[in-house]
Amino acid sequence: MKINTTFLGPGTLNDPSSRRIQTAIDTASTGWIALPLEGTDAAFEVSLERLSPKKPARTDTPASSTPDWGNVFFNLSAADGAVHIEDMARVADTAMKDAKNRLDAAFSAARIRSSPAVNLSFDLGGQLCFEAHPQKEQILSLFRENPELERNVRTAMCLKENAVSWQKAELYTEMYQTAYRLKGKAAAQAVSKIFLSLGHPRTTFRYDSSGFTASFNGQAEQEYLAGVRDALGRWVA
C-alpha cells in the first residue's frame, strides 16, 4: 500500500522520512499499540486486536484505503533498523488527520453536531471517555455501533501521546548531554531532576469542525514541548 499523499503533504517520498514511513507501511503486519503508563513517560504494548470489540462494523463510514497507522508506527524500524522520532511524529499526525476525516463522515451520517466541540480522553484500558456534550448519548451509541471508528480514533490518540512522549525524551537527552558537556556532571544531574519533576502530562483531545487535536496539560503540542525545552534548558544557558 502506498502512502496517501493527501495526509503527508507535498514532497512525499522525496525525503528520507517519507521513504522510511513507506517501507514501514509496505512491511507492517501484526499490530501493536502503546498505551501510556500513569505518571511516567514509559508505555506498554497492547495488541490492537485485544483493544477492538468483537462486533460487526457499521457501514456509515466508507472503507479506508489508508494503512493501519498503529501497525505502521510500531514498524518504523523496518527501513534501517532505527526508529526516528520525526517519523513517529509524522505518522501520529497522519493518524490524527485520518481520524478527523472518519469522524467528519461518521458525525455527518449520524447527524451529530461537532459544535460545541467533543472533548475526549482514554483510560489505561484504551477505552474512550467523553466529557459532557448535548448529544453525548448519540456519540456513545455511534462509537458502540462502529468499532472500526472507535479503534481508529483510539489508535490516533495513543500514537499522538506516544509521539509527544518520545519528543520529550529526545529533548531530555539533548539537554542532558549539552549540560554535561558544558557544565559537568552536577548540571547534567540537575537536568535529570527537572525532567523527573515534569511528570506525565494530562492529555486530552478535542474534535470540532476545525480539526482533531491534542492538548498536554491544557497546552497545544508545540507549546507544551517548548515549555519542556525551556525548563530543561535552564542548566544549559
Checklist outcome for this item: Expressed in angstrom, Rg and Dmax over the Cα atoms of the range 190-237 are 13.3, 43
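Which of the pairs K97/K193; K97/K168; K97/K136; K100/K193 have their Cα atoms more than 26 Å apart in this structure? Walk me through the numbers on the way to the answer.
Working: K97/K193 36 Å; K97/K168 22 Å; K97/K136 22 Å; K100/K193 38 Å.
Over 26 Å apart, Cα to Cα: K97/K193; K100/K193.
Using 0.36 nm times the number of residues separating D15 and R234, minus their current alpha carbon distance, what extension gain do you get? Mind dumping the intermediate values first?
Details: separation 219, 0.36 × 219 = 78.84 nm, distance 3.41 nm.
Separation in residues times 0.36 nm, less the Cα-Cα distance, equals 75.4 nm.
Where a number appears in this text, it was derived from the coordinates with a stated rule and is not lab data. Worth saying up front: this structure is predicted, and the values here are computed from it rather than measured.
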